[in-house]
Amino acid sequence: MKRSFWLAAAFAVVAAAVTIPLVASASSADTQFQIGFSLQFTGPDTTAGIFVAAGAIDDSGSAQVTNLEVIPFGHRDEGRLSGDQTFIGHKGSIQTTFAGIVRDVSQPNQSAKGTFEITGGTGAYAGLRGHGTFVVVADVANNQIIGTEEGQTG
């Protein structure tokens with residue numbers, strides 16, 4: 001009898017240990033999103049273009065960057081990148097702030113990696129918060145910027 005009880009208890013613990021991660025991973029999948037965007041410079045510290053989002057954020061529309069800043073540092077042709085980005089979709093708008101490191105700042109083709117924070121939104125995105133990472137490549141000579149963001153809401 002004692003052996004049956006301990007076997008049942010052990011089975012319950014194993015079942016709970018397997019079930020809890022499955023439930024947690026299912027809920028985190030509901031908060032993950034990806035955004036792709038294409039931008040062009042519209043001024044010395046602004047860009048504009050389009051975006052497409054999938055996952056927890058499922059929308060598309062226009063995108064703009066303001067307060068864009070690159071501050072060169074070191075001896076390795078790098079710069080500190082920062083700015084504010086707004087995505088204006090069919091369901092509302094999402095405001096973000098970003099920071100990262102640009103490589104090859106003196107070259108016509110550049111790349112950057114960094115992090116972003118969702119700071120607010122309107123419409124369906126009112127009260128939205130989140131964070132993630134981004135990768136951007138830019139052809140400065142031809143005024144083309146392509147980027148992706150991967151993040152999580154909440």
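Selection of the stretch 132-149 for residues being surrounded by 15 or more Cβ atoms within 10 Å (Cβ to Cβ) and farther than 15 Å from V65 by Cβ yields only G132.
Please work out which residue is nearest to F37 (Cα to Cα), limiting yourself to the stretch 102-131 and to residues that are surrounded by 15 or more Cβ atoms within 10 Å (Cβ to Cβ) and aliphatic (A, V, I, L, M). Per the criteria, the residue is A112. Counting only strands (runs of 3 or more DSSP E) that sit completely within the stretch 20-120, those holding 3 or more residues that are over 19 Å from the mean Cα position of the chain (by Cα) correspond to 32-43, 59-73. Comparison of D77, D45 shows that the only residue that is at pLDDT below 95, closer than 28 Å to N142 by Cα and acidic (D, E) is D77. Examine the stretch 119-130 for a residue that is closer than 18 Å to D45 by Cα and of a type in the set (K, R), and state whether such a residue exists. Within the stretch 119-130, none of the residues are closer than 18 Å to D45 by Cα and of a type in the set (K, R).
Just to verify a result, which residue in the stretch 121-154, among those that are β-branched (V, I, T) and assigned to a strand (DSSP E or B), is farthest from F87 (Cα to Cα)? Looking at residues that are β-branched (V, I, T) and assigned to a strand (DSSP E or B), I get V137.
The values are calculated or read from the model by the stated rules, or taken from the named source; none is laboratory data. Small disclaimer: the values here were computed from a predicted structure and weren't measured. Neighbour counts run over all protein chains shown; Cβ positions are idealised from the backbone, glycine included.
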